[in-house]
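Just so it is clear, none of the values below were taken in a lab; they were calculated from the coordinates. In this text the structure is predicted, and so the values were computed from the model without any measurement. Backbone-built Cβ (ideal geometry, glycine too); neighbour counts: all protein chains shown.
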Amino acid sequence: MTAIELRGVTKEFDEVTAVRDLDLTVEDGEVYGFLGPNGAGKSTTIDMLLDLVRPTAGTVRVLGAEVATDGVEIRRRTGVLPDGFSVYDRLSGRKHVEFAVESKDAADDPDALLDRVGLADAADRAAGEYSKGMRQRLALAMALVGDPDLLILDEPSSGLDPAGAKEMREIVRAEAERGATVFFSSHILEQVDAVCDRVGILRDGELVAEDSVEGLREAVGGEETLEVAAAGADEDAVAAVRAVPGVSGVSRDGDELVVNCASDAKTEVIAALEDAGVAVDDFHTREASLEDLFLAYTEGDAAGSAPDGTDSEPAELDPTADSESTADADSTADADSESTADADSTPDADSTPDDDSATEEVDR
């Protein structure tokens, strides 16, 4: 079954088109990384998946159902970690998770979930005293309630220290092994690279690339970065390197030359330096990182051409918040939307547990 399917989806806010003719498919059981610069339309897309915003055109299907007509059932089967998660300051972490369990009519043990995300020792503390990282952990615990078929994680590593980010990755992997689909939006590219099966890159509301990280690397020409320790390299030597076929860029970093080139051009680069009278003391190569690929696809020309100069169709080799600047509109519910933000995971003002729980003694 396809977990997420968007076809021809466009969302306009007044004169701003936040998402434009978006086709996107996430397969059941896949961990899908959703990337893009601020203002690309990521938050708007997530809001449409959750039926917080209705598309201007196109169709949105989640877990095999139409979001517009089956939103309640979809949200019951979906766990959401929203960007900028807000807590009820006076309620304990345990009370938040208990509320999520009751809302989904689930049988989860709140203490077990809090332990899983590393909050066992803070379960009875008022959530208003939690750090940002602790709030992220709490939001994740609430998202995990009911063993959801789909997890939508928007900037899940925000506020987490390296140990917390590692634990987040481990939980994502465990959920994928359980069979859940994970839709993972993040600015921390190392996190995406470490856990995602495929990556989609959004720019100006359009999907400009979609593939595995390795597939994206091949799509931009399979370039590598050659770092050469060559203290004696003068401008003539640098010019000689730039003239080598397959070299796309040369820069200096102290006594080191950093050369972006095709894999088969590395030998010629070294030879060009030696022919220019430069003693090459050492060199090593590294493949393009996900950050390199992200920049290649998001900092191209304004017309939206791909890094190789082709049209901006997604580079798909396998056929199978920060807030958004264009849509702080992104977080605004459309007038047609029938749902409210995080209905199944965030305590609603009308459904807040009794006042006695809200004023419970804080365990420091």
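If amide H atoms are built 1.01 Å from N in the plane of the peptide, which residues on other chains or at least 5 residues away come under 5 Å of the amide H of Thr181?
Hits under the 5 Å cutoff: Gly29, Leu150, Leu151.
In segment 223-287, with Lys and Arg counted as +1 and Asp and Glu as -1 at Cβ, which of these residues, Leu273, Thr285, Gly246, has the Cα nearest the positive end of the dipole, that is, farthest along it?
Sorting the options by dipole projection puts first Gly246.
Taking the Cα centre of segment 223-287 as origin, work out the dipole magnitude from +1 charges on Lys and Arg Cβ and -1 charges on Asp and Glu Cβ, in debye rounded to 20.
160 debye
Describe numerically, in nm with one decimal, the distance between label points set 7 Å from Cα along Cα→Cβ at Asp147 and at Arg7.
Placing both labels 7 Å along Cα→Cβ, they lie 3.2 nm apart.
Before anything else, pin down the relative contact order of segment 223-287: Cα pairs under 8 Å, at least 6 apart, normalised by residue count, whole percent.
RCO, segment 223-287: 50 percent.
Put +1 on the Cβ of every Lys and Arg and -1 on every Asp and Glu Cβ in segment 134-222; which of Ser186, Pro156, Ala176 then has its Cα farthest towards the positive end of the dipole?
Selected residue: Pro156.
Calculate the FRET efficiency for Asp124 and Asp253 from the Cβ-Cβ distance with a Förster distance of 56 Å, rounded to the nearest 0.05.
0.65
Cα to Cα, under 16 Å, and not fewer than 8 places away if on the same chain: which lysines meet these conditions relative to Lys95?
Once the sequence-local lysines are set aside, what remains near Lys95 is Lys104.
So, in nm, how far is label Asp14 from label Ala194 when the simple model puts each one 7 Å beyond its Cα toward the Cβ?
Spacing of the two 7 Å Cα→Cβ label points: 4.1 nm.
At 0.36 nm per residue, minus the direct Cα-Cα distance, what do Ser212 and Asn38 gain on full extension? Give it in nm, one decimal, please.
60.4 nm
Would you work out the charge dipole size for segment 1-93 about its Cα centre, treating the Cβ of every Lys and Arg as +1 and the Cβ of every Asp and Glu as -1, and quote it to the nearest 20 debye?
Approximately 220 debye in magnitude.
Return the equivalent ellipsoid semi-axes of segment 2-159 as a descending list in whole Å, where each equals the square root of 5 times an eigenvalue of the C-alpha gyration tensor.
30, 17, 13
Please give the length that would be gained between Glu170 and Thr225 if that part of the chain were fully extended, namely 0.36 nm times their separation in residues minus their C-alpha to C-alpha distance (nm, one decimal).
Taking Glu170 through Thr225 to full extension adds about 16.8 nm, to one decimal.
Which value, in debye to the nearest 20, gives the size of the charge dipole of segment 92-230 about its Cα centre, when Lys and Arg are +1 and Asp and Glu are -1 at the Cβ?
The dipole magnitude comes to about 480 debye.
Setting aside same-chain residues fewer than 8 positions from Lys11, which lysines have a Cα under 17 Å from its Cα?
Cross-link targets: Lys42.
Using the basic label-point model (7 angstrom from Cα toward the beta carbon), what is the Ala262 to Arg286 distance in nanometres?
Once both label points are built, they end up 2.4 nm from each other.
Compute for segment 204-277: radius of gyration divided by Kirkwood radius, i.e. Rg/Rh, restricted to C-alpha atoms, rounded to two decimals.
Checking Rg against Rh, the ratio lands at 1.10.
Which ³J(HN,Hα) values, rounded to whole Hz and listed in residue order, are derived for segment 111-127 from phi using the Karplus coefficients 6.51, -1.76 and 1.60 in 6.51 cos²θ - 1.76 cosθ + 1.60 with θ = phi - 60°, glycine and proline given as x?
Going residue by residue, I get 5, 5, 5, 5, 5, 4, 9, x, 10, 4, 6, 10, 4, 9, 7, 5, 5 Hz, with x marking Gly and Pro.
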